Amino acid sequence: MKIKSGKHLKNSGALFILPALLVVAVVMLFPLLYNISLSFFEKTIYNPDWTFVGLEQYQKLLTGKTFQNALKNTVVWTFFSVLFQFLIGFVCALVLSQERVRFRGIWRCLIMLPWVLPAIIGSMVWKWMYHSDFGILNEILVRIGIIDSALPWIGSKELALISAIIVNTWKMFPLVLMYIEASLQSVPRSLQDAAVVDGANGWECFKVVTWPHIAPTCKTVVLLLTIWTLNAFTFIFVLTGGGPGTSSQVLSMFINKEAFTNYNFGNAATASTILFIIVAIFSTIYIRSTMGGEEK
Amino acid sequence: MKVKKVLSMMLAGACVLGMLSGCGSKDDGGQTQQGGGTIENPEEISAELTLWDASWNENVTPGLIEKFNEKYPNIKVNVEFFPSDGMSDKYLTALTSGSSADLLSVNNEWVSTFATAKGILNLDEYIKANDYDMSDFYDGAREGVTVNGSVYALPYRAETHGMFYNVELFKDAGYDELPDTWEEFVPIAQKITEKSNGEIKGIAIPGGEWGNTSYQLINMILCSGGSILNEDYTECTLDSEEAIRAAQLFVDLYRKYNVVPESIMENDNAAGRTLFGEGKVAAFMSGAYDISAIQGIDPDLKMGTGLVPVFDGAERHTIFAGWSTVISAKTKNPDAAWLLAEFLASPEISVEYSTTFSARKSMADNEKYASDPLLINLSDAIQYGNPLPVIPQLSQIRQIMYEQIQLALSGEITAEEAMKEATAQINEIL
């Protein structure tokens, strides 16, 4: 069959993606817009009416102590989680990419285990490991003399968030390793050899040859980790539940409590929208940086 | 360009849809299919029902459904079992969206929330039309399922907390039985802890899970003559002398007397049970449902049960807890669901159905309970039970209490400050 005109063919493209667009609209766009519109209304499960309150809920949340505390914890949680995930993943990748290292395949498999394990199971196991009475972690630390008596890892205000960050780091650093190792393999051997011939030492070789090749990947990984960590819920929910008090309450936990303990959907929607805006900023940077690379 | 147009149209469409569904939910709650209460020829009713039940009933329910079918052969019942984790959220979401089972077995504490959210059927008409006698239920059970004067559930299971103690550890410390008051209990707990150089602690109390922690704190407040709210639920009374006295002891057991495991801030009731079963604590508070679990940890453990101690001079009160069945407001077969609810709440069947005690007063002396020395004391305690406040804000109130008592347990504020702050926060949401 002969295609009548170029215009026709062009139009058919929109039709092809329409089914996918519809799915995206129903499962993503609609909930998002529903949530944003809900954030301007006072709505609890007990009151079927939506009462329009404009920006009042935003104002109340942003000036409230509990929300500010959750916001502060989210910043600490995200910054340190991403920092350690990246650093450990990065160093492991550099080490594993050395040909001198033996049994690299086995090491890779072992290191990938935390990432393959479902977050909920990993968190439950860590919860038991942290336990002051039954936990293996305290037992080991006491036996090798690092601490005198068992520490309340997830039960103390000072340690709760740190303990959650450790678990998050443990879970996600293998992914960093995978990305960066893949990227390291794209560094041309000839360039490295040329640098060595020119008299570059290990550090100079890394700075001039390796880093420029893997820098874009590192940027992407850090952005992705930031987005995921901002939204991460499982670790804190399982390990500390946001406690003691509200000392490890991050935004996702705050939203969960507002929605499913207090049944205050309006407030939960407002907090979700604020979290959405924060995540959207990082996502925009991420999309721009990846798209920008392609255009060049 | 076209794609952009399509996208913007979809965006606008979703916007409108969002607004519509928001406003549309105004009337949703009222659309219930009431059966009207009067049931003519119940034996001839033909229907297919779904019952959502708790996982621990898995061994019991199928047999009961067979018995039900002997009476009502034309009502087919499909049973689905769920674990307790996340159960109330799942049920609430399903009930409000109309996707739940016809009949649900629920904790009495959730009834006011489900009723206020218009997810479950008001049973007044059925009770009136069938002359259904509610007087055989314990007062605590009846009050616990009555929201704003209307009954919303038929109770089948009743229980309250008692205290479990390790008979041998108590004997080694020179005591034969549980003391009656907290003032007598503290020195016993101290003695047991000291004798073992702190290896074994006097009592396990939870401080790391909101439901369990607030529950035990409330239990102690009741034993001190205090309460969470005043009688008409308009004001919080946690800043009363009695409530503060109880909260103070709750904190002191850990911080001052050092008779509670270091892991308190991580523990829920299950952890307390494990510690008790392993002989690492001499006592803990719980219900009859924990007996088999403890025996599972150590079948040779010699344990005793008794009433939760009271504070000097205070009257004995504990939390009356229990389970009931509720009918979904959106069920297509309310009559058949009522018949099943009525069957499960009937005296003999409730004894079989309940993994602890029956919600029926007439079954208090049933052989199942009287023949077991561990059960007798726990069964005795039921008469002192008062239901938790029957208001939808209950979980929020308990969450506030939990967060404040955690701060006191971690030494950041005093028990008195915790109760006063909780009172201020709770008064704000009432």
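The numbers here are math on the coordinates, done by the rules we state, and not lab data. Bear in mind that the values here come from a model prediction, so they are computed numbers and not experimental data. Positions of Cβ are backbone-derived with ideal geometry, glycine not excepted, and every protein chain shown enters the neighbour counts.
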The answer for chymotrypsin sites (Phe, Trp or Tyr not before Pro) in region A:57-164 that fall in a DSSP coil and have at most 16 neighbouring Cβ atoms within 10 Å is A:Phe103
Candidates B:Asp124, B:Asp172, B:Asp239; GNM for chain B (alpha-carbon contacts under 10 Å) flags as most fluctuating B:Asp172
Exposure-ranked with fewest Cβ neighbours within 10 Å first, B:Tyr353, B:Tyr289 stand as B:Tyr289, B:Tyr353
Relative contact order as a percentage, region A:61-295, C-alpha pairs under 8 Å and 6+ apart, gives 28
Taking every residue of A:35-47, the Cβ atoms of other protein chains inside 10 Å of its Cβ average out to 3
To the nearest 20 debye, region A:144-218 has a Cα-centred charge dipole, built from +1 on Lys and Arg Cβ and -1 on Asp and Glu Cβ, of 220
Per the helix-only model, chain B has a calculated mean residue ellipticity at 222 nm (DSSP H runs of ≥4, -39500 (n - 2.57) each, divided over all residues, rounded to the nearest 500) of -14000 deg cm²/dmol
Once the dipole of region A:142-296 is set up from charges on Cβ (+1 Lys and Arg, -1 Asp and Glu), the residue from the list A:Trp228, A:Ala269, A:Ser183 lying farthest towards its positive end is A:Ala269
Scoring only Lys, Arg, Asp and Glu (+1, +1, -1, -1) among other residues with Cβ under 10 Å from the Cβ of A:Gly266 yields -2
Between B:Lys201 and residues 5 or more places away or on another chain, the pairs with built amide H atoms under 5 Å apart involve B:Val281, B:Ala282
Evaluated at 37 °C and 0.692 mPa s, the Stokes-Einstein D of chain B based on the Kirkwood radius over Cα pairs, in µm²/s, stands at 141
Only helices counted: for chain A, with every DSSP H run of 4 or more residues adding -39500 (n - 2.57) and the sum spread over all residues, [θ] at 222 nm is -23000 deg cm²/dmol
The aspartates and glutamates whose Cα lies under 16 Å from the Cα of B:Lys195, excluding any fewer than 8 residues away in the same chain, are B:Glu168, B:Asp172
About its Cα centre, chain B carries a charge dipole, from +1 on Lys and Arg Cβ atoms and -1 on Asp and Glu Cβ atoms, whose size in debye to the nearest 20 is 1580
If each part is reduced to its alpha-carbon centroid, region B:192-210 and region A:172-215 end up apart, in Å, by 55
Highest mean packing first, using Cβ neighbours within 10 angstrom, the peptides A:137-147, B:278-288, A:205-215 sort as B:278-288, A:205-215, A:137-147
Connecting every pair of Cα atoms under 10 Å apart in chain B and solving the GNM, the largest mean-square fluctuation among B:Glu58, B:Glu241, B:Glu367 falls on B:Glu367
Placing +1 on each Lys and Arg Cβ and -1 on each Asp and Glu Cβ in region B:217-332, then taking the dipole about the Cα centre, the residue among B:Met303, B:Tyr257, B:Ile221 whose Cα reaches farthest towards the positive end is B:Met303
By the Cα gyration tensor axes a ≥ b ≥ c (a/c under 1.5 gives rounded; else a/b larger than b/c gives prolate, otherwise oblate), the shape of region A:61-295 is oblate
Taking a ≥ b ≥ c as the square roots of the Cα gyration tensor eigenvalues, with a/c under 1.5 meaning rounded and otherwise prolate when a/b beats b/c or oblate if not, region B:110-207 comes out prolate
By the mean-Cβ-within-10 Å protection proxy, highest first, B:210-216, A:238-244 rank as A:238-244, B:210-216
In a Gaussian network model of chain A with springs linking alpha carbons closer than 10 Å, the residue among A:Asn73, A:Asn256, A:Asn201 that fluctuates most is A:Asn201
Applying the gyration tensor rule to the Cα atoms of the protein assembly as shown (axes a ≥ b ≥ c; rounded if a/c under 1.5, else prolate if a/b exceeds b/c, else oblate), the class is oblate
To the nearest 20 debye, chain A has a Cα-centred charge dipole, built from +1 on Lys and Arg Cβ and -1 on Asp and Glu Cβ, of 800
Taking alpha-carbon centroids only, region B:251-298 lies from region A:73-114 a number of Å equal to 39
Mean separation of Cα contacts under 8 Å (at least 6 apart) over the residue count of chain B, i.e. the relative contact order in percent, is 25
Taking the dipole of the protein assembly as shown about the Cα centre (Lys, Arg +1; Asp, Glu -1; charges at Cβ), the one of B:Val147, B:Ser100, B:Ile294 that reaches farthest to the positive side is B:Ser100
In this structure, among B:Lys76/B:Lys118; B:Lys128/B:Lys332; A:Lys127/A:Lys207; B:Lys76/B:Lys330, pairs with alpha-carbon gaps over 30 Å are A:Lys127/A:Lys207
